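The block underneath contains the structure these notes are about, expressed in structure tokens.
Values in this text are rule-based calculations from the coordinates and carry no lab data. Quick caveat: nothing in here was measured; it's all calculated off a predicted structure. Glycine also receives a Cβ, built like all others from the backbone with ideal geometry; neighbour counts cover every protein chain displayed.
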Amino acid sequence: MRNTTLTFGLVLTILIGCAPKTQEQVVEQSGDSQYRPAYHFTPASGWMNDPNGLVYFEGEYHLFYQHYPDSNIWGPMHWGHAVSTDLVHWEHLPIALYPDSLGYIFSGSAVVDWQNTAGFGTEESPAMVAMYTYHDPIGERNNTIDFQTQGIAYSLDKGRTWTKYEGNPVIPNPGIRDFRDPKVSWNSETEEWNLILAVKDHVNLYSSPNLKEWTHQSEFGVDLGAHGGVWECPDLFQLTDQNGVTKWVMLVSINPGGPQGGSATQYFVGDFDGSVFTPLGSAIRWIDYGADNYAGVTFSDVPEEDGRRLFIGWMSNWQYANIVPTYEWRSAMTIPRELKIQNTENGYLLRSVPVGEMESAFTIEGANGELINVSGSVFKLGMTIESSTGAMVLSNDVGDSLIVSYDENYLTINREQAGKVAFSDVFAASHQAPLNGIEVKSLDVYVDNSSVEVFVNNGDLVMTDLFFFEQPVSKVKTSGSTLVTYLPNED
């Protein structure tokens, strides 16, 4: 994979890079390029799923991700790698971590070891340390239950090259089949590292002085939250509400069992003392009510002067991720979002707001139009709501349509007639999100060739869905709102 910088355009006309083909890889078919997003991150070629190792260091946001470079379907996992200075334009870098004798490289996280607790760097030149799950395919095939362990690796050159720790695994498997996805963070209150790990139907919490030796502290979630499937890709971090009160937020992805079936990410708000997480309430809450935002986690080491908690999710669903109608590449990430908490009469709610950097990516094209002629499927719509019910219809001349609608009770995305839907028996669906008392005052709708992300009131509620029109969007019609259309800048 060669280094390439992604730029904006109405249609991304260049397929970036090319992985070697294997017999299992599906041959690219006509129309594949029309679905590649223009302003969402995609792999140059091959398969991608969970974001991994999100970390900021020396002016760069690092996005590592689950990657199989030799096929467009899931296979032996590597860590792909890209960097950005603005969260919008991404530069592809060589693969960071390859499978080895301990197994495939499953999901995990990365941090900067500023105090050199692990001894891999120095305090003047700190190491970037990744922690990830080893998945031993031989042990899995032999029906053992201890084939997932946790390992670490370090980089001394801003993530460009990595050395795996000779003492791996740093957390052996205690005899649990699903034992994965470590998310590491530095706890400035206890002056030690914390780790949250997905363990079948709950999470385990650990602490460490040095990233190498870990002590199990507690468990959470056996009797709380959604349990329709296995728990995965957890995260744990602090946020401050609108009143200046700081709480801890835990993210846990689950598959299946999401609000639209298949994959989704739930969250909990509570208190954490470095050992035990204590939730406030027991309601099940979702970070995104669409079908296609999964395994999202947040960036570590964002500078204090920035102060944001930044999130990226995988924009797909395990119900159909391996068979969506793209072939040279598969999967995209969501646009980056800032997470905030708000204390409401219904308890603490987690809000997802498009990062401010996205504003510079678009230019106002037209305002106050009810019927807008567009020439492609790459734009943003800003809708100021004027009625308690309304809708936005994306369509084209061959009869494809996608409908975003709202009333006093629900936000709905209907993709039943959204072009190619027959590849999966669950893809053609109408997805609803309960508003639970939220009054819809505005909608921001990001459309990018094969995806739609809808933000209610700048983040009070979010829905993310994929769609695959036979031809690009050519018409946008709205009711019950005033509409502003934005097109991507060409820079």
> Amide H neighbours of residue 441 under 5 Å, counting only residues 5+ apart in sequence or on other chains, H built in-plane at 1.01 Å?
Replying inline: 457
>> How high is the relative contact order of the chain? Use alpha-carbon pairs under 8 Å, at least six apart in sequence, and give a whole percent.
In response: 14 percent
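Remind me, relative contact order of region 332-491 in percent, using alpha carbon pairs under 8 angstrom and six or more residues apart? Don't skip to the answer; put the middle values down first.
Details: 373 pairs, mean separation 54.5, N = 160.
About 34 percent, as a whole number.
Less than 15 Å Cβ to Cβ from residue 421, Lys/Arg counted +1 and Asp/Glu -1: what total charge do the surrounding residues give? Numbers along the way, then the final one.
Numbers: positive: 415, 420; negative: 292, 400, 416, 425, 465, 470.
Once all neighbours under 15 Å are counted, the net charge is -4.
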> Which is farthest toward the positive dipole end of the chain among 162, 139, 458, measuring Cα position about the Cα centre, with Cβ charges +1 (Lys, Arg) and -1 (Asp, Glu)?
Replying inline: 139
>> Can you give me the long-range amide H partners of residue 362? Hydrogens built in the peptide plane at 1.01 Å from N, cutoff under 5 Å, separation of 5 or more residues or another chain.
In response: 489
>> I want the local charge near residue 110. Using Cβ-Cβ distances under 15 Å, sum +1 for each Lys or Arg and -1 for each Asp or Glu among the other residues.
In response: -4
> Under a Cβ-Cβ cut-off of 11 Å, what is the net charge of the residues other than residue 206 that fall near it, where Lys and Arg count +1 and Asp and Glu count -1?
Replying inline: -2
> If amide H atoms are built 1.01 Å from N in the plane of the peptide, which residues on other chains or at least 5 residues away come under 5 Å of the amide H of residue 449?
Replying inline: 377, 378, 379
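As a quick test, which of the pairs 158/340; 158/247; 247/380; 420/441; 380/475; 158/183 have an alpha carbon distance above 22 angstrom in this structure? Present the calculation step by step, with values, prior to reporting the outcome.
Values: 158/340 29 Å; 158/247 31 Å; 247/380 33 Å; 420/441 32 Å; 380/475 13 Å; 158/183 19 Å.
As for pairs spanning more than 22 Å Cα to Cα, those are 158/340; 158/247; 247/380; 420/441.
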> Which ³J(HN,Hα) values in Hz, rounded to whole numbers, follow from the phi angles of region 382-387 under the Karplus curve 6.51 cos²θ - 1.76 cosθ + 1.60, where θ = phi - 60° and Gly and Pro get x?
Replying inline: x, 10, 8, 7, 10, 9
> Based on the Kirkwood radius over alpha-carbon pairs, what is the Stokes-Einstein translational diffusion coefficient of region 32-354 at 37 °C with 0.692 mPa s viscosity, in µm²/s?
Replying inline: 167 µm²/s
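Sort region 361-488 into rounded, prolate or oblate with this rule: let a ≥ b ≥ c be the square roots of the eigenvalues of the Cα gyration tensor; rounded if a/c is under 1.5, and if a/c is not under 1.5, prolate when a/b is larger than b/c, oblate otherwise.
oblate
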